[in-house]
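Enquirer: Have a look at this one before I ask anything.
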Amino acid sequence: MPVEKMRFSIFLAPFHPLGENPTLALERDFELIERLDALGYDEAWIGEHHSAGWETIASPEVFIAAAAARTRHIKLGTGVVSLPYHHPLMVADRMVLLDHITRGRVLFGVGPGALPTDALMLGIDPNLQRPRMNEALAVIIRLFTEVEPITYESDWFSLRNARLQLRPFTKPHMPIAVAAVQSPAGMVAAGENGAGVLTMSVPRGKTAAALADFWNIAEETAATHGKTMDRNEWRVVLHVHLAGSRKEALDQIRHRAGRYRIEYSEGTTGSAQPSGLGVAEAAEHFVTQGDWCVGTPADLIAKIEELQHYSGGFGGLMVQAVDWADAEDLHHSYDLLARYVMPHFQGSLAGLEASRADASQITSQLREVRKEALSKAQADYAATRDPAG
């Protein structure tokens, strides 16, 4: 069930390889979002991380405030705020402030916290992260929507006659989305709150066919809580790099993509099992055997259609923004996506194609009309030049 107009965005964790100037890397992140704003991308989602060296934005809210001043149209989301790390009142207050600063361009993505090293530094038992996220989200939604003071006692935070003095700019509040990567817990939390979903293209360790089952968890949960899920608010994350040919695209990312897989996914977070491959071989292997889309715009169109088929339909594609090529090549990849992929899924070509088809049916007639008009113009001109005429 494809949506009428798919949204296109990025997930900016960000992923910057070690060894580079981090200040300049952050500046490139801002420049990328400015470029995406000009190209008509719908959203950019900004991550929160505190350890492991690659993902260097500690506060998506601060980054979003700066990015909002440099952009005009693109919506800016927290991708995500790790709710167990924060007092819910502070999160709600910061998001409402951003909602006003951006005049309604902010999106609220939440999660339990992706990096175990973050939780360990904060002394949080990883087994408590998901239930704490659910508890915090329910309280934050109450703070967004209720005006009367709230008193609430948890084993990790307290509220005493608490309410937001600044009410949301967006009514009843900015859109909310829950991260769902591997465990069903994220889909359950989305269903309980009728929230949107941010998920990987394929749940880890599964095939694309698992997407439909993943979504069913949210729908079934929503039904038991009197909520409704909207596929338009389901955003799927995909690794993407585009160029004029598959070879060119792979060559542009080969070394840094290999580092990203070997040094980050396998060697830093342990989110991927050791492949035994070297950096030089890793990128090609995961392009051909994994679910990365590294190739041409036509390849990405086919990949999105495949994911739509297996999932039953989703509303947004999020490109996982990896700093794995030179800035010029990265920007060109996003340009190609905007020029040739977006129109295919946003209905912006239908009128042009129909109009061209109409014209092509009467080309012979149009030639005769053009010939007659030219002959008449020539005759009329000749008459003005001939006094006897």
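Enquirer: Conditions first: (1) at pLDDT 95 or above; (2) surrounded by fewer than 15 Cβ atoms within 10 Å (Cβ to Cβ). Residue 18 passes all but one, so which condition is the exception?
Expert: (1)
Enquirer: Every residue in segment 131-160 that is basic (Lys, Arg) and either outside the structural domain of residue 192 (by TED's automatic domain parsing) or surrounded by fewer than 16 Cβ atoms within 10 Å (Cβ to Cβ) (or both), please.
Expert: Correct list: 160 only.
Enquirer: Outside any strand (DSSP E or B), of a type in the set (A, V, I, L, M), touching a His at 6+ places or on another chain (Cβ under 8 Å) and without any contact (Cβ under 8 Å) to a residue 40 or more places away in the chain: does that describe residue 280?
Expert: Here the answer is yes, as residue 280 does meet what is asked.
Enquirer: Has segment 222-238 got at least one residue that is among the basic types (Lys, Arg), modelled with pLDDT of 95 or more, in the same structural domain as residue 320 (by TED's automatic domain parsing) and within 23 Å of the chain's Cα centre (by Cα)?
Expert: Scanning segment 222-238, I find at least one residue that is among the basic types (Lys, Arg), modelled with pLDDT of 95 or more, in the same structural domain as residue 320 (by TED's automatic domain parsing) and within 23 Å of the chain's Cα centre (by Cα), so the answer is yes.
Residue-by-condition table, conditions (1) of a type in the set (Gly, Ala, Ser); (2) touching a Lys or Arg at 6+ places or on another chain (Cβ under 8 Å); (3) closer than 14 Å to residue 202 by Cα:
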residue	(1), (2), (3)
216	no, no, no
239	no, no, yes
262	no, no, no
266	no, no, no
273	no, no, no
276	yes, no, no
293	no, yes, yes
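Enquirer: For segment 1-29, which positions are farther than 15 Å from residue 325 by Cβ and part of a loop (DSSP other than H, G, I, E, B)?
Expert: Answer for segment 1-29, where residues must be farther than 15 Å from residue 325 by Cβ and part of a loop (DSSP other than H, G, I, E, B): 1, 2, 3, 4, 5, 6, 18, 19, 21.
Enquirer: Let me ask something additional. Taking residue 112, is it in contact (Cβ under 8 Å) with a residue 12 or more places away in the chain and either surrounded by fewer than 16 Cβ atoms within 10 Å (Cβ to Cβ) or over 21 Å from residue 170 (Cα atoms) (or both)?
Expert: Details: in contact (Cβ under 8 Å) with a residue 12 or more places away in the chain: yes; either surrounded by fewer than 16 Cβ atoms within 10 Å (Cβ to Cβ) or over 21 Å from residue 170 (Cα atoms) (or both): yes.
Spelling it out, residue 112 is indeed in contact (Cβ under 8 Å) with a residue 12 or more places away in the chain and either surrounded by fewer than 16 Cβ atoms within 10 Å (Cβ to Cβ) or over 21 Å from residue 170 (Cα atoms) (or both).
Here is a yes/no grid of residues against (1) exposed (fewer than 15 other Cβ atoms within 10 Å of the Cβ); (2) in contact (Cβ under 8 Å) with a residue 24 or more places away in the chain:
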{"residue": "261", "(1), (2)": "no, yes"}
{"residue": "269", "(1), (2)": "no, yes"}
{"residue": "275", "(1), (2)": "no, no"}
{"residue": "288", "(1), (2)": "yes, no"}
{"residue": "299", "(1), (2)": "no, yes"}
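Enquirer: Could you grab me the full set of residues in segment 78-113 that are under 20 Å from the mean Cα position of the chain (by Cα), of a type in the set (Val, Ile, Thr) and under 18 Å from residue 58 (Cα atoms)?
Expert: 78, 80, 81, 106, 110
Enquirer: Something else now. Please go through segment 240-277 and pick out each residue that is outside any helix (DSSP H, G or I), at pLDDT 95 or above and under 22 Å from residue 13 (Cα atoms).
Expert: 240, 241, 242
Enquirer: Follow-up. Of all helices (runs of 4 or more DSSP H) completely enclosed by segment 289-389, which ones contain at least 3 residues that are out of contact with any helix residue (DSSP H, G or I) (no Cβ under 9 Å at 6 or more places or on another chain) and over 26 Å from residue 209 (Cα atoms)?
Expert: Working: elements: 297-311, 327-336, 342-346, 350-360, 363-385.
Helices (runs of 4 or more DSSP H) meeting the threshold: 350-360, 363-385.
Enquirer: Would you confirm whether or not segment 66-87 contains a residue that is of a type in the set (Val, Ile, Thr), in contact with a Leu (Cβ under 8 Å, 6 or more places away or on another chain) and not in a strand (DSSP E or B)?
Expert: Yes, segment 66-87 contains a residue that is of a type in the set (Val, Ile, Thr), in contact with a Leu (Cβ under 8 Å, 6 or more places away or on another chain) and not in a strand (DSSP E or B).
Enquirer: Of everything in segment 252-302, what is β-branched (Val, Ile, Thr) and under 21 Å from residue 115 (Cα atoms)? Give them in sequence order.
Expert: 262, 268, 269, listed by residue number.
The values are calculated or read from the model by the stated rules, or taken from the named source; none is laboratory data. Just so you know, these numbers come straight off a predicted model, no measurement behind them. Every residue, glycine among them, receives a Cβ derived from its backbone with ideal geometry; neighbour counts consider all protein chains shown.
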